[in-house]
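A short worksheet on the structure shown next.
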Amino acid sequence: MTHVAVIDIGKTNAKLALVDPATGAEVAVVTRPNTVLQGPPYPHFDIEGHWRFLTEALGQFHRSHGIDAISVTTHGASAALLDAEGNLAVPVLDYEYGAPAQLRRPYDQIRPDFAQTGSAPLDGGLNLGLQLYWQFRQDPSLHARTHTIVTYPQYWGFRLTGAVATDVTSLGCHTDLWCPDTGQFSSLVDKLDIRDKIAPPRKSTDRLGTLTKEVAALTGLPAETPVTCGIHDSNASLYPHLIARTGPFAIVSTGTWVIAMAIGGAAVALDPARDTLINVDATGNPVRSARFMGGRSFDLLMPGETPAHDEAAQRQVLQAGTMLMPAVVQGTGPFPNATPHWLGREPSGGSPQRAVAVGFYLAMMTATCLDLIGAGGPVIVEGAFTKNLPFLRMLAAATGRPVQATTSSTGTSLGAALLAAPEGQHPPAPSHIAPITEDSSDWLSYAARWRAAAQSA
């Protein structure tokens, strides 16, 4: 297999990547902003805009390179409600819309316990079960009009193949709808009266189907082109390492969300108040996880072009003890109620010192997440922060463990591509981050002082 086209719908951008699974290289990439349409009836994703973009790009990629298979990965906390004709019964709700939280109190009376689902109560519509509860309450006719419910990766698979499914990684992504330990739907599907509507769960590695005649004609791809079931994006980042190594190790998937996932490691009790949860990997097994909005924090703190991370700026920040304390994005992460503030003088906007201090902040937040889930062994960083050297070096200092960075900044695309690859095909090994050899005491001292200050925040 030479080329897998990966539909990759992140919270910030939608992308089509053409991946060579043998080398991990992205042969071609096109993106568009994942702009939220404000309504009516509520903020929702631009589904038809994405579809036009994706089908046009699929045709272009096939004409220029050839496509052997299609795989799908998307952000979590989203589902599509289909009517009997297979059309959207309502638009796909933006999970950051706050209105569903207005029904949190009555919803909490029917949601299963954290011990059953590994899914904590989250802000806005981050719990998919709450989204559905709110949507059915807002539109009393919607329940009857909804024929099938599919999780978000499988919606795009449905558009391609006509086959319906849910996948275990998306169901296991703080939906309240899934029990990771038993691999079954939770009691919430009966409380919401959707057991006969929610599509059957499948593993991400399953083949969902092949292209419909309409899609084949639209794109020029052969109708027999296979399409995988699909996967939640942070679990796509995890998948290449699941098939290539044994635990303990930890994956840090970085993008709008930073997701820390522990494979093996210490058995610790998770604290749902600190945004820890149980994810489910591509094979259906539970994975201890923690998260915060790292990419969103970076965008808020460092708008515009990021300056180079020079050694002098790193030394200056270490020696000055300049620290950003949590939480830049409140309501999520390991310090959800903390008020963000600077210790020492705040570096000026756009300066190398500010870029370094922000990288250190993101590293310390990530290290806290890894502590909370009992992570052990090497830490492999995927995604947007793989080239952020201050982040990587401070993460190594704070954890005291080897930190490795993948060569690609888009681990989600590679992981999704490998779902369609022949069995036994493994990705390239991640690169090791050079250990801190000069002034290591400064790095360790900084990490210790940040931790102490965070505990008193």
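The values are calculated or read from the model by the stated rules, or taken from the named source; none is laboratory data. None of these values were measured; they are calculated from a predicted model. Reconstructed Cβ throughout: ideal geometry from the backbone, glycine too, with neighbour counts over all protein chains shown.
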Could you identify the single residue in Thr256, Thr246 that is of a type in the set (S, T, N, Q), crowded, with 20+ Cβ neighbours inside 10 Å and either within 17 Å of Pro334 (Cα to Cα) or over 17 Å from the mean Cα position of the chain (by Cα) (or both)? Thr256
Of the numbered conditions (1) over 17 Å from the mean Cα position of the chain (by Cα); (2) surrounded by 23 or more Cβ atoms within 10 Å (Cβ to Cβ); (3) closer than 13 Å to Trp156 by Cα, Ile47 fails exactly one; give the number of that condition. (2)
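So that you can scan it fast, the table gives a plain yes or no per residue for (1) of a type outside the set (Asp, Glu); (2) closer than 24 Å to Ile149 by Cβ; (3) at pLDDT 95 or above:
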| site | (1), (2), (3) |
| --- | --- |
| Arg207 | yes, yes, yes |
| Gly230 | yes, yes, yes |
| Leu238 | yes, no, no |
| His241 | yes, no, no |
| Asp271 | no, no, yes |
| Thr283 | yes, yes, no |
Residues of region 132-154 being surrounded by fewer than 24 Cβ atoms within 10 Å (Cβ to Cβ), part of a helix (DSSP H, G or I) and touching a residue at least 40 places away in the same chain (Cβ under 8 Å), in sequence order, are Tyr133, Gln135, Phe136, Gln138, Leu142, His143, Arg145
Residue match in region 70-79 (condition: assigned to a helix (DSSP H, G or I), buried (at least 17 other Cβ atoms within 10 Å of the Cβ) and modelled with pLDDT of 95 or more): no
Going through region 100-118 one residue at a time, which ones are part of a loop (DSSP other than H, G, I, E, B) and either of a type in the set (A, V, I, L, M) or not assigned by TED's automatic domain parsing to the domain that holds Ser170 (or both)? Ile110
Flag for Thr182 being in a loop (DSSP other than H, G, I, E, B), closer than 21 Å to Asp281 by Cα, in contact with a Cys (Cβ under 9 Å, 6 or more places away or on another chain) and of a type in the set (Val, Ile, Thr): no
Tally of residues being without any contact (Cβ under 8 Å) to a residue 60 or more places away in the chain and part of a loop (DSSP other than H, G, I, E, B) across region 212-227: 4
Among the residues of region 305-331, write down those that are part of a loop (DSSP other than H, G, I, E, B) and more than 14 Å from Pro352 (Cβ to Cβ). Gly321, Pro326, Ala327, Val328, Val329, Gln330, Gly331
Could you identify the single residue in Thr175, Thr161, Thr169 that is farther than 14 Å from Ser71 by Cβ and among the polar types (S, T, N, Q)? Thr175
So which residues in region 119-131 are in a loop (DSSP other than H, G, I, E, B) and either modelled with pLDDT of 95 or more or not assigned by TED's automatic domain parsing to the domain that holds Ala79 (or both), if there are any at all? Ser119, Asn127
So which of Ala89, Ala77 is on the phi < 0 side of the Ramachandran plot and of a type in the set (Gly, Ala, Ser)? Ala89
What number of residues within region 405-418 satisfy the criterion of being under 16 Å from Leu16 (Cβ atoms) and either of a type outside the set (S, T, N, Q) or at pLDDT 65 or above (or both)? 6
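Residues checked against (1) under 24 Å from Gly284 (Cβ atoms); (2) out of contact with any strand residue (DSSP E or B) (no Cβ under 8 Å at 6 or more places or on another chain); (3) acidic (Asp, Glu):
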residue: Thr73; (1), (2), (3): yes, no, no
residue: Asp83; (1), (2), (3): no, yes, yes
residue: Ile110; (1), (2), (3): no, yes, no
residue: Gly118; (1), (2), (3): yes, no, no
residue: Leu128; (1), (2), (3): yes, no, no
residue: Tyr133; (1), (2), (3): no, yes, no
residue: Asp139; (1), (2), (3): no, yes, yes
Before we move on, is Tyr97 over 21 Å from the mean Cα position of the chain (by Cα) and either surrounded by 18 or more Cβ atoms within 10 Å (Cβ to Cβ) or outside any helix (DSSP H, G or I) (or both)? no
Members of region 332-345 that are part of a loop (DSSP other than H, G, I, E, B) and either touching a residue at least 12 places away in the same chain (Cβ under 8 Å) or on the phi > 0 side of the Ramachandran plot (or both): Thr332, Gly333, Pro334, Phe335, Pro336, Ala338, Thr339, Pro340, Gly344, Arg345
Could you run through region 202-223 and say how many residues are of a type outside the set (A, V, I, L, M) and closer than 19 Å to Ala165 by Cα? 9
Just give me the residues in region 207-251 being polar (S, T, N, Q) and under 30 Å from Thr399 (Cβ atoms), in sequence order. Ser234, Asn235, Ser237, Thr246
Residue check: is Val189 under 30 Å from Ala217 (Cα atoms) and either among the aliphatic types (A, V, I, L, M) or not in a loop (DSSP other than H, G, I, E, B) (or both)? no
Residue, surrounded by the fewest Cβ atoms within 10 Å (Cβ to Cβ), within region 293-316, restricted to residues that are charged (D, E, K, R) and over 29 Å from Glu96 (Cβ atoms): Glu311
Could we say that Met302 is within 21 Å of Thr205 (Cα to Cα) and either out of contact with any Phe, Trp or Tyr (no Cβ under 6 Å at 6 or more places or on another chain) or touching a residue at least 60 places away in the same chain (Cβ under 8 Å) (or both) here? no
